[in-house]
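The block underneath contains the structure these notes are about, expressed in structure tokens.
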Amino acid sequence: SSLLLSVGLADVRAGMRLGVDEASWIPTVYNMALVFMGILSVHLGTIFGHRKILLVASVVSATAFLLAPLAATRLQLMFLLSVAGLGVGTFYPLILSYLLKALPLPLAVFGLAVYVSDVLVPAYLGNWIEGIISNYFNWCWIFWTPALVIPFVFVFVYFGIPRAKVNYGGERPNFAASGNTSGIATSIAENSSITTPSTNRKMFSTMMNSHT
């Protein structure tokens with residue numbers, strides 16, 4: 001979804017009548033939310049369980065992608081994409097960590113290979129899917145395509161990951177550590193936004209204006 005959004009950004013710009021600098025913040029917000037939750041989700045998974053986090057995240061992210069093309073303003077679209085990024089950000093770390101725990105060591109290598117292929121294959125299919133969308137559909141399908149795929153994640157998690165047993169006699173979750181983890185995740189997410197084209201242009205224009 002991140003690659004599809006980046007490749008199809010020109011179609012989103014045309015559909016919402018946005019400038020280059022305005023539209024460049026759209027994938028930035030999504031990627032920042034994805035990076036933030038990708039770091040925080042592992043800690044949340046240890047507290048609430050992988051299954052609960054993934055089920056809620058799949059519903060939230062699919063709903064956000066479904067509503068994204070209906071946004072009337074750029075701020076509404078950025079809000080929906082940030083919510084979608086928070087949901088999608090839980091998929092890779094939680095699913096991978098569960099596979100490594102649940103599979104026997106000889107099969108864990110194959111689970112890791114499936115995970116890596118899921119990261120690499122979309123990189124080659126992104127341009128192809130965007131070409132089909134731009135030729136036969138409209139820009140809304142840039143967001144509706146992930147919304148149609150994510151329900152499969154819900155089904156796989158619902159039937160594939162068993163319910164976690166509640167240990168009432170165990171240690172209480174350390175919620176204080178969540179604050180430290182979220183602080184680190186926020187810092188990394190903010191640093192990731194510095195590398196975006198829109199931020200670089202704003203920094204460059206600020207530097208130029210300061211010398212004039």
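Only the coordinates and a few stated rules stand behind these numbers; no lab work does. Because the structure is predicted, anything quoted here is derived from the model rather than measured. FYI the Cβ positions are ideal-geometry reconstructions off the backbone, even for glycines, and counts take in every protein chain you see.
Here are some notes:
- 3J(HN,Hα) along the range 158-164: 4, 8, x, 9, x, 5, 6 Hz, from the Karplus curve 6.51 cos²θ - 1.76 cosθ + 1.60 with θ = phi - 60°, whole Hz, x for Gly and Pro.
- Added length on full extension, which subtracts the Cα-Cα distance from 0.36 nm per residue, residue 20 to residue 46: 5.3 nm
- Between residue 163 and residue 55, the simple spin-label model (points 7 angstrom out along Cα→Cβ) gives 0.8 nm.
- The phi torsions of the range 16-26, fed into the Karplus equation with coefficients 6.51, -1.76 and 1.60 and a -60° offset, translate into couplings of 9, 6, 10, x, 5, 5, 5, 6, 5, 7, 5 Hz, rounded to whole numbers, with Gly and Pro shown as x.
- Efficiency of FRET from Cβ geometry, residue 148 and residue 103, R₀ 41 Å, rounded to 0.05: 0.90
- Estimated from the Cβ-Cβ distance and a Förster radius of 35 angstrom, the FRET efficiency linking residue 76 and residue 115 is about 0.60.
- Shape class of the range 1-126 from the alpha-carbon gyration tensor: prolate, with a/c at 1.5 or above and a/b greater than b/c.
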